[in-house]
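Let me begin by presenting the structure, written as C-alpha cells, before commenting on it.
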Amino acid sequence: QFNAPKVTQVRDASALKPPPGSPVAIIEFYDLQCPLCAQTNPSLMAAVKQYKIPWIRHDLLIPGHNWSRQAAINARFFDSKSGKLGNDYRDYIFANQGSIWTLIQLQQITQRFADAHKTELPFAIDPTGELAAKVQNDVDLGQRIGVDHTPTIFIVAKGGHEIGRASCRERV
C-alpha cells in the first residue's frame, strides 16, 4: 500500500483506444531517461511478444532529464526509416540507459545503434523541427489525458474500454 503506483485520473480518454482492427492494445507514456521506464520495458516487450498485441508508445518528457528530449527526437528519426527500427532504438536506449549521462554519450550510443543497423545519421537529425514537434504532440496528448508520471501504461480494448492501468512515480 505504501509503494502502490499512483493512479492517473483520466481527463480525456478519446485517444485511449486500440488501432483499427485490433481488439486490445497497450498504450504507454514514457521518458527514455526514466529509470522506471527502463525497468518496465522488458516486461512490456515480453507481453507484446507473447500476446501479439499492439504497443503504442508516447513520449512524455520529464523536466530535468538532460538528454531525453534528444533521445525522443532520435527515436522519431529512426521511426522515419521504419517503425520497427524506431522501437528497436527505444529498447536499445532503455537497455543502455545506465551508461548515458550526457548528450555526448547519447550521441555515441546512437551512432553505435545506427552503425549496427546500417543507417547513416545525418549531420542534423531534425533541422526543420518536425520530429521535435511530433515529440511535443505526444507530451501535449499526455497532458490532455491527465498523465503526470512515467511510465504510465494503459491496456485498452475495442470500444474505448480500459482494461487496466498502471503508473509509477517519475513525475513529469
Looking only at region 4-21, filter to residues that are open to solvent by 10 Å² or more (accessible area, probe 1.4 Å) and of a type in the set (S, T, N, Q); which one of those is modelled with the lowest pLDDT? Gln9
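Residues in region 79-88: is at least one among the basic types (Lys, Arg), more than 15 Å from Asp31 (Cβ to Cβ) and either at pLDDT 95 or above or within 13 Å of the chain's Cα centre (by Cα) (or both)?
Of all residues in region 79-88, those among the basic types (Lys, Arg) come to 81, 84.
Now restrict to residues that are more than 15 Å from Asp31 (Cβ to Cβ): 81, 84.
Checking which are either at pLDDT 95 or above or within 13 Å of the chain's Cα centre (by Cα) (or both) leaves us with 81, 84.
Yes, region 79-88 contains at least one residue that is among the basic types (Lys, Arg), more than 15 Å from Asp31 (Cβ to Cβ) and either at pLDDT 95 or above or within 13 Å of the chain's Cα centre (by Cα) (or both).
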Which pairs have Cβ atoms under 8 Å, sit 6 or more apart or on different chains, and link a residue in region 124-147 that is under 25 Å from Asp12 (Cβ atoms) and in contact (Cβ under 8 Å) with a residue 24 or more places away in the chain to one that is part of a helix (DSSP H, G or I) and of a type in the set (D, E, K, R)? Leu131/Arg76; Ala132/Arg69; Lys134/Arg76; Val135/Arg69; Val135/Arg76
Select, from Asn66, Asn74, Asn87, Asn96, the only residue that is out of contact with any Leu (no Cβ under 6 Å at 6 or more places or on another chain), surrounded by fewer than 15 Cβ atoms within 10 Å (Cβ to Cβ) and within 23 Å of Thr150 (Cα to Cα). Asn66
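Would it be correct to say that Pro18 is touching a Pro at 6+ places or on another chain (Cβ under 7 Å) and in contact (Cβ under 8 Å) with a residue 24 or more places away in the chain? Even if it seems obvious, please write down each step before you answer.
Values: touching a Pro at 6+ places or on another chain (Cβ under 7 Å): yes; in contact (Cβ under 8 Å) with a residue 24 or more places away in the chain: yes.
Answer is yes for this residue.
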Looking only at region 108-127, filter to residues that are at pLDDT 95 or above and open to solvent by 90 Å² or more (accessible area, probe 1.4 Å); which one of those is nearest to Asn66 (Cα to Cα)? Gln108
When (1) open to solvent by less than 20 Å² (accessible area, probe 1.4 Å); (2) more than 27 Å from Gln108 (Cα to Cα) are applied to Asn41, the one that fails is (2)
Which pairs turn up if I take residues in region 37-51 that are in contact (Cβ under 8 Å) with a residue 12 or more places away in the chain and look for partners that are among the polar types (S, T, N, Q) and part of a helix (DSSP H, G or I) with beta carbon separation below 7 Å, at least 6 apart in sequence or on another chain? Ala38/Gln97
So how many residues does region 128-149 have that are open to solvent by 50 Å² or more (accessible area, probe 1.4 Å) and of a type in the set (Asp, Glu)? 2
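Can you give me the number of residues within region 44-59 that are under 14 Å from the mean Cα position of the chain (by Cα) and assigned to a helix (DSSP H, G or I)? Even if it seems obvious, please write down each step before you answer.
Keep residues of region 44-59 that are under 14 Å from the mean Cα position of the chain (by Cα), which gives 44-45, 54-59.
Remaining after also requiring assigned to a helix (DSSP H, G or I): 44-45.
Total satisfying the criteria: 2.
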Just wondering, is there one or more residues in region 60-68 that are among the aromatic types (Phe, Trp, Tyr) and farther than 30 Å from Pro18 by Cβ? yes
Only one of Val24, Val48 is surrounded by 13 or more Cβ atoms within 10 Å (Cβ to Cβ) and touching a helix residue (DSSP H, G or I) at 6+ places or on another chain (Cβ under 9 Å); which? Val24
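The values are calculated or read from the model by the stated rules, or taken from the named source; none is laboratory data. Given the structure is predicted, the values throughout are model-derived calculations rather than measurements. No Cβ is skipped: glycine too gets one built from the backbone with ideal geometry, and neighbour counts run over all protein chains shown. Note: accessible area is taken over every heavy atom of the protein model, side chains too, but ligands, DNA and RNA are not part of it. Shrake-Rupley method; radii C 1.70, N 1.55, O 1.52, S 1.80 Å.
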